[in-house]
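Data block below; observations after.
Bear in mind these aren't lab numbers, they're just calculated from the coordinates by the rules spelled out. Values in this document were obtained by computation on a predicted structure and should not be read as measured data. Backbone-built Cβ (ideal geometry, glycine too); neighbour counts: all protein chains shown.
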Amino acid sequence: MTRHLKKAELHCHIEGAAPPALALAQARKYNVDVGGLIEDGAYVWTAFSDFLLCYDRIAGLFRSEEDYAALAEAYLVALAEAGTIYSEIIVSPDHGNTIGLGADAYLRGLGAGIEAARARTGIEGRMIITLIRHLGPEQAERTALYAATRPHPLVTGINLAGEERMHRVADFARAYDIARDAALGITIHAGEMAGADSVRDALTIVRPSRISHGVRAIEDPGLVAQLAEAGVVLETCPGSNIALGVFPSFDAHPLRALRDAGCRVTLNSDDPPFFNTSLAQEYEIASAVMGFADAEIDAMTRTAIDAAFVDETTRARLFAALDA
């Protein structure tokens, strides 16, 4: 059991963290029919495209600052109860605008939830603004400009998510230049639904300090060596990868092979209830199924804190909490 291990997470989409019970409560609140989306307490989808549609419809059930504050607080408090000391949530100002709430109010709500969870449990949290790949490069640049204004003090990084097989990484280079000039932390989804070439493009064009997923780099040993040499941190999400059919089983998952090749790896939950997982379960899978020793898992947590998009005072405090 890994409950005694302290944990940290760099990769979780906040709307994707909404438990089905909370989504049902939101549906009742707004009188929305979610038939076909939730059955027997679980989200229903098949292929990746279906997952994105299900995700968007569930996300649409959260519509006010208070809704988002409650969602963030609930998720972070649950993490803290499982021994988590740090979490970065991936957030979408574009979604805040789409639902009519507005990007600023959306972030205020999430920020209030993060602060409330910290007051209750001590867990530290930050927000990573996501660019939505399938909305196109021009919208990504507008969102990057918004992120560059530091619309909330807890916004510390930028990501690119969505349908990985749409557009080229190069199409988003300017958006990332905007974020880099604003000293935001840089990460990007790559090597999940697309192969090693997407990881290579991310590495050479975006030059991130972290890559969300990145696991299909294993298809190219030379690329794996390049990632190891560069020290780029991989935000791996094994449960998500298995649920989406990226790999057929945990035995086939390349987490250990990547780690053994010198890559810096971390454990994350991605969209936990959509994939029937949690951060605690990811840690347990790493131990009980993948055979990592406690010290090896602790090293992954230390890597997460080292790679976190926080100021150095906060990082030192997190390391102290990990070592306590």
Using θ = phi - 60° and Karplus 6.51 cos²θ - 1.76 cosθ + 1.60, couplings along segment 226-241 (whole Hz; Gly, Pro as x): 5, 4, 5, 5, 6, x, 5, 8, 9, 8, 7, 9, x, x, 4, 4
Amide H contacts under 5 Å for Glu9, placed H, 5+ residues apart: Tyr86, Ser87, Glu88
Cα-based equivalent ellipsoid, the chain: semi-axes from gyration tensor eigenvalues, Å: 26, 23, 21
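Give me Rg/Rg_expected for segment 71-173, where Rg uses Cα atoms only and Rg_expected = 2.2 N^0.38 Å with N residues.
Working: Rg = 14.5 Å, N = 103, 2.2 N^0.38 = 12.8 Å.
Rounded to two decimals, the normalised Rg is 1.13.
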Phi to ³J(HN,Hα) by Karplus 6.51 cos²θ - 1.76 cosθ + 1.60 over segment 299-315, Hz, x for Gly, Pro: 5, 5, 5, 4, 4, 4, 5, 4, 9, 4, 8, 9, 6, 5, 5, 5, 4
Low-density loop cleavage sites - trypsin sites (Lys or Arg not before Pro) in segment 78-166, where at most 14 other Cβ are within 10 Å (DSSP): Arg165
Karplus (6.51, -1.76, 1.60) ³J(HN,Hα), θ = phi - 60°, over segment 250-256, in Hz, Gly and Pro reported as x: 5, 4, 8, 6, x, 3, 5
5 angstrom amide H check on Leu160, placed H, neighbours 5+ away: Leu131, Ile188, His189
Of all DSSP beta bridges in the chain, antiparallel share, percent nearest 5: 5
Cα centroid of segment 245-324 to Cα centroid of segment 184-198, whole Å: 17
Dipole-positive endmost among Ser198, Ala103, Ile123 within segment 86-214 (Cβ charges, Cα centre): Ile123
Choice from Ser64, Ser212, Ser240 showing the highest fluctuation, given a GNM over the chain with Cα pairs closer than 10 Å: Ser64
Size of electric dipole in the chain: Cβ of Lys, Arg +1 and of Asp, Glu -1, about Cα centre, debye, nearest 20: 480
